[in-house]
Amino acid sequence: MLLSEQAYKKIDKELAKYPADQRQSAVMAALRIAQEEKGWVSDEVIVDVAEYLGMPTIAVQEVATFYDMYELKPVGKYKLTVCTNLPCALRDGEKTAHYISEKLGIAIGETTPDGLITLQESECQGACGDAPVLLINNHHMCVRMSKERIDELLADIQSEG
Ligand code: FES
């Protein structure tokens, strides 16, 4: 078994939402749970989720590669995803991504050498009115990210390690 007992229990909870012959309906949740535990979706994770759900590996792989919330290579402990889609880009979204990039000394898509922070950009996160916005680890949203707020956020992350 690749994941912890706890992770499989979480997947079982998702499975309970669907009829027994619809186990594949839980594939997105299962991949999310596996990613939360492993940090990213490796080939081993894909095979394991496929086996657990009784699905063809290729079908799980298709889901994992289609949605950009799944990481197909290792990422930092903190993944910062800045929205640079047009409405945000017009309101400093791109400048925000570049500011973080410069501060961390990494390009978008890269991870700091200490493995702490990965910087990514994304399409619309559904919070255009609060631009510039970024997500931490796919679920914690930070809005109106001025330079001061970014400085605070990075200092917090770096002090927590
Ligand atoms: S365009 Fe950035 S949140 Fe919508």
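What to note about this one:
- Shape box of the range 5-66 [Cα atoms, principal axes, largest first, Å]: 27, 24, 17
- Percent antiparallel among DSSP beta bridges (both partners in the range 78-160, rounded to 5): 55
- Listed by chain and number, the lysines whose C-alpha is less than 17 Å from the C-alpha of LYS17, apart from same-chain residues fewer than 8 away, are LYS9.
- Rounded to 5, percent antiparallel among DSSP beta bridges of the chain: 55
- For the chain, the fraction of alpha-carbon pairs lying more than 25 Å apart is 39 percent, rounded to a whole number.
- Taking a point 7 Å from the Cα of MET69 along the Cα-to-Cβ direction, the residues of the range 1-45 with backbone N closer than 11 Å to it are 28-33.
- Within the chain, CYS124, CYS128, CYS142 have no other Cys Cβ under 4.7 Å of their Cβ and so lack a disulfide-compatible partner by this rule.
- Fewest-first ranking of ASP92, ASP43, using other Cβ atoms within 10 Å as the exposure measure: ASP43, ASP92
- Among 46-52, 131-137, 78-84, the order from most to least packed when residues are scored by Cβ within 10 Å on average: 78-84, 131-137, 46-52
- In straight-distance terms, cross-link reach from LYS13 covers every one of the aspartates and glutamates whose alpha-carbon lies under 20 Å from its own, apart from those fewer than eight places away in the same chain; here that gives GLU5, ASP21, GLU36, GLU37, ASP48, GLU51.
- Evaluated at q = 0.12, 0.14, 0.27 Å⁻¹, a Debye calculation over the C-alpha positions of the range 78-160 (equal weights, vacuum) places log10 I(q)/I(0) at -0.28, -0.38, -1.49.
No lab work stands behind these numbers, since they all come straight from the coordinates. Quick caveat: nothing in here was measured; it's all calculated off a predicted structure. Note that we place each Cβ from the backbone using ideal geometry, even for glycine, and neighbour counts take in every protein chain shown.
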